[in-house]
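I have placed the structure first, in the form of structure tokens, so that the comments after it can refer back to it.
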Amino acid sequence: MKRDYETGLFLILGNMFGGKTSELIRRLEKYKVAEIPLQVFRTSFDNRYGKQGLTSHNQMKIRADIVKDTKDLISKIKTSTRIIGIDELQFFSEELAEFCIENSSRYQIIATGLLTNYRGEPFSFRDSKNFEKDAKIKVTDLIAQAKETMILDSVCTFSTSEEGICGKNARYCQRLRTDGSPSRYNDQTIIVGGKESYYPRCSEHFIRPKPLKTIDPQ
């Protein structure tokens, strides 16, 4: 079979609503037209757009395998597959980071992921033993191993009645509680949501949650 694809790890990182999934689908469609065997994966945890395939915020779609975790993803890779697309790295365990690094010379792996969490800190992979815990490995740790990294910002939607919508590049995402207040530092890292919970913010309008102060025992 003619090899007209490039192996390596290709990252599409950035903020929510920045077009990461759309860019992933756009790249994968090119290989579909070229009839290069590919597979696309997303986690069953992220069910914002149904239980079938992969759908972006602007409703671009592609067929995808829905997997429970990293081990399930690896077990579903076919021997003929040459291109692997993975959406939302931060919803997988740190084992996926190891897989991407160890197999980047065998496949072309194109993966999306959030650059920062609601605290404004680098987003962690999930702990393999406890999904709700952050692993030590960050999504950004893969940048040093990637052949290419694309960073996509979104648009700051902060608005006032006097000045209207900000419109600057938004690198951060503000997560709000049901009462409209910003999530606190010790709130759960992973909460699936969309425009009802997350709001793109530039550095000027992002409210960074502060860790709770601890009192040193005397």
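The values are calculated or read from the model by the stated rules, or taken from the named source; none is laboratory data. Model, not experiment: these values are computed from the prediction. Using ideal geometry, Cβ is built from the backbone for each residue, glycine included, and neighbour counts are taken over all protein chains shown.
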Looking only at the range 123-148, and only at residues there that are buried (at least 18 other Cβ atoms within 10 Å of the Cβ) and within 18 Å of P211 (Cα to Cα), the one that is farthest from the chain's Cα centre (by Cα): D134
Residue that is out of contact with any helix residue (DSSP H, G or I) (no Cβ under 7 Å at 6 or more places or on another chain), among the β-branched types (V, I, T), crowded, with 20+ Cβ neighbours inside 10 Å and under 20 Å from G18 (Cα atoms), where the choices are I110, I86: I86
Among (1) of a type in the set (F, W, Y); (2) under 21 Å from K129 (Cα atoms); (3) modelled with pLDDT of 90 or more, the one test that Y107 misses: (2)
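Let's see how each residue does on (1) among the small types (G, A, S); (2) within 30 Å of E95 (Cβ to Cβ); (3) part of a strand (DSSP E or B); (4) at pLDDT 85 or above:
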site	(1), (2), (3), (4)
I143	no, yes, no, yes
E162	no, no, no, yes
R175	no, yes, yes, yes
D179	no, no, no, yes
Y185	no, yes, no, yes
T189	no, yes, no, no
E196	no, no, no, no
I207	no, no, no, yes
Q218	no, no, no, no
Count - residues of the range 62-83 that are surrounded by 14 or more Cβ atoms within 10 Å (Cβ to Cβ) and either over 18 Å from T7 (Cβ atoms) or hydrophobic (A, V, I, L, M, F, W, C) (or both): 13
Filter result for the condition that a residue is within 22 Å of N117 (Cβ to Cβ) and in contact with a Phe, Trp or Tyr (Cβ under 9 Å, 6 or more places away or on another chain), over D65, D87: D87
Pairs where the first residue, in the range 133-146, is touching a residue at least 60 places away in the same chain (Cβ under 8 Å) and under 19 Å from G120 (Cβ atoms) and the second is among the β-branched types (V, I, T) and in a strand (DSSP E or B), C-beta under 6 Å, 6+ apart: I143/T149
Matching residues in the range 61-98 - criterion: being of a type in the set (A, V, I, L, M, F, W, C) and farther than 16 Å from Y31 by Cα: I66, V67, L73, I74, I77, L89, F91, F92, L96, A97
Within the range 163-192, tally of residues that are loosely packed, with under 14 Cβ neighbours inside 10 Å and more than 21 Å from K138 (Cα to Cα): 9
Residue within the range 95-105 that is among the aliphatic types (A, V, I, L, M), under 11 Å from the mean Cα position of the chain (by Cα) and under 28 Å from P211 (Cβ atoms) present: no
